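The values are calculated or read from the model by the stated rules, or taken from the named source; none is laboratory data. None of the values given here were measured: they were computed from a predicted structure. Cβ coordinates were reconstructed from backbone atoms using ideal geometry, including for glycine residues, and neighbour counts include every protein chain displayed. In case anyone asks, the SASA skips ligands and DNA or RNA and just uses the protein heavy atoms, side chains included. Shrake-Rupley method; radii C 1.70, N 1.55, O 1.52, S 1.80 Å.
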Amino acid sequence: MAKNYLLIYSEQLATDIELLCQNTKAPSNTLFQIRKSSSSVYANIREANYGQSKADMLSKFEIALKECSETEGWLQLLFNTNGIDEETYKSHRNLCGRIRRILIASCKTLKENNHA
């Protein structure tokens, strides 16, 4: 069985962000928001795997894509305000980028297959 890298990466992101939040001194609202967005990426990708239709799967992937972008924004804010160091920022941002690229390709494929 092929590995589901999208699910693996999104679980890693949600886990890493939770651990980061447990060890970061930043405003509680910022930590709440980044926890929420990163866990939403994971939750929506999990849900998409059991979508009722290709349209449902596409919808979940598109939501995950928006949440991934939001997570990147909160990471940028944490970095800009010295809540996290550059290495931490780049590592998490790169993981978000990996997820985002897979989601974009998956959405494109679903849209193309839906119109075929």
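Spatial offset of the range 1-66 relative to the range 71-95 amounts to 16 Å, using the alpha carbon center of each.
How would 38, 106, 28 rank on accessible area, largest to smallest, probe 1.4 Å?
Working: 38 0, 106 30, 28 95 Å².
From most accessible down to least: 28, 106, 38.
Pairs over the 29 Å Cα-Cα cut-off, from the set 25/90; 36/108; 25/108; 25/60; 3/66: 25/108; 25/60. In the frame of its principal axes, the range 4-45 has Cα extents of 34, 16, 7 Å, reported largest first. Quick one: with all protein chains in place, what share of the accessible area of the chain is carbon or sulfur, to the nearest percent (1.4 Å probe)? Looking at the chain in its full context, I get 50 percent from C and S.
Leaving out ligands and nucleic acids, and using a 1.4 Å probe, what accessible area per residue does the chain come to in Å²? Display every interim value, and only then the final one.
On the way: 7060 Å² over 116 residues.
Heavy-atom accessible area per residue stands at 61 Å².
Taking amide H positions as modeled 1.01 Å from N, with prolines and chain starts lacking one, the residues under 5 Å from residue 84 and 5 or more places away or on another chain are 79. Note on residue 91 and residue 25: their simple-model spin labels are 2.0 nm apart, each label 7 Å out from Cα toward Cβ. For the range 10-33, backbone nitrogen atoms closer than 20 Å to the point 7 Å from residue 46 Cα along Cα-to-C-beta are found at 10-22, 32-33. Residues of the chain were split at every exposed loop site, defined as trypsin sites (Lys or Arg not before Pro) in a DSSP loop with at most 11 other C-beta atoms within 10 angstrom, and the longest piece left, sites excluded, is 26-116.
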